[in-house]
Every structure is written in structure tokens, then in C-alpha cells.
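Every number in this text was worked out from the coordinates using simple rules, so none of it is lab data. Please read all numbers here as calculations on a predicted model, not as lab measurements. Cβ placement follows ideal geometry from the backbone for every residue including glycine, while neighbour counts extend to all protein chains displayed.
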Amino acid sequence: ERHNNRYASSSTKEATGDQSSKCFACYMLVSDCSARTYIGATNCVPRRVRQHNGELRGGARATRQSRPWRVKATCVGFVSWKETLRFEWRWKRRAHGTRKTGILRGVAARLARAMELCESQQFQHVRLNVCSTEHAGKLDE
């Protein structure tokens with residue numbers, strides 16, 4: 001039986017013989033020309049970065065300005081698309097119980113939040129990869 005669900009977990013796709021599957025990932029982009037950051041989710045980070053940079057169709061409206069963008073961090077190891085989106089939503093926002101609420105801004109604050117999430121019981125299986133400045137954005141396809 002062949003599954004046509006593009007949001008199936010990578011283990012499900014491997015079990016059905018689909019070797020072209022990509023893993024689910026959350027990523028943080030930083031702009032080369034401003035202090036802006038962007039957090040998103042995808043199943044193919046290199047393709048998505050090319051979309052954000054205008055090389056391919058389909059980038060987010062929020063990244064049309066401040067191009068070019070480069071990858072600063074990725075989080076991988078999610079078991080489903082739903083879990084990936086849950087992580088993305090929490091990565092963008094402050095933890096409950098903090099004095100300030102709302103959207104997190106800045107590279108350091110967003111990296112600290114990603115580390116905090118990866119250490120939580122719910123996401124302890126997720127791996128955070130922080131790209132160094134000189135290698136950021138140079139991901140292999």
C-alpha cells in the first residue's frame with residue numbers, strides 16, 4: 001500500500017519504500033543586511049531558503065525585504081508535521097510564566113528559546129544545530 005500523505009513521518013515513508021523523503025525541520029534565518037530573524041518549518045531546508053531569497057517561487061511575505069537570508073540554526077528529529085509546527089509556534093514565543101509575553105526577537109533570545117525547548121521533556125528527541133557565521137546558509141541539497 002502506498003501512502004500519498006506528504007506529511008507522513010519519515011519512518012512511515014521509509015517503511016513504505018519512499019526513499020526520497022525529507023525530514024521535518026524548523027529553522028531560523030538571519031538577514032545579511034539587517035538585524036531581522038525569521039523562524040519557519042519545512043521538509044526541505046535548502047529549497048525553502050532559496051524560496052525566501054527569491055530564487056524560487058513561494059517564499060514568505062515576511063522575508064521579501066531584508067534579503068539575502070542565511071540559515072543560523074535548524075532543529076531536526078520531529079516525528080510528524082504537527083509536532084514540527086507545534087515546535088515552530090513555541091520557538092517564536094516566550095515561555096509561559098515569564099514577565100513579558102509575545103513574540104521573541106533577536107538571534108540570542110531565539111537561540112536560547114530553541115535550546116530551552118530541546119531540553120524540555122516534550123521535545124528532548126529534537127536536535128538543535130547552530131550554524132557558524134562563515135558556514136551559515138551553505139547547506140547541501
- Item | Phi to ³J(HN,Hα) by Karplus 6.51 cos²θ - 1.76 cosθ + 1.60 over segment 51-61, Hz, x for Gly, Pro | 5, 4, 7, x, 6, 10, 5, x, x, 6, 4
- Once the piece of chain linking S34 and V76 is laid out straight, how much longer is it, given 0.36 nm per residue of separation minus the C-alpha distance between them? 12.5 nm
- Task: Taking the Cβ of H125 as the centre, find all other residues whose Cβ is under 14 Å away and add up their charges (Lys, Arg: +1; Asp, Glu: -1).
- Result: 0
- Item | Label point distance in nm, S120-L85, each placed 7 Å from Cα along Cα→Cβ | 1.7
- Computed lengthening from A109 to C44, 0.36 nm per intervening residue step minus Cα-Cα distance: 20.9 nm
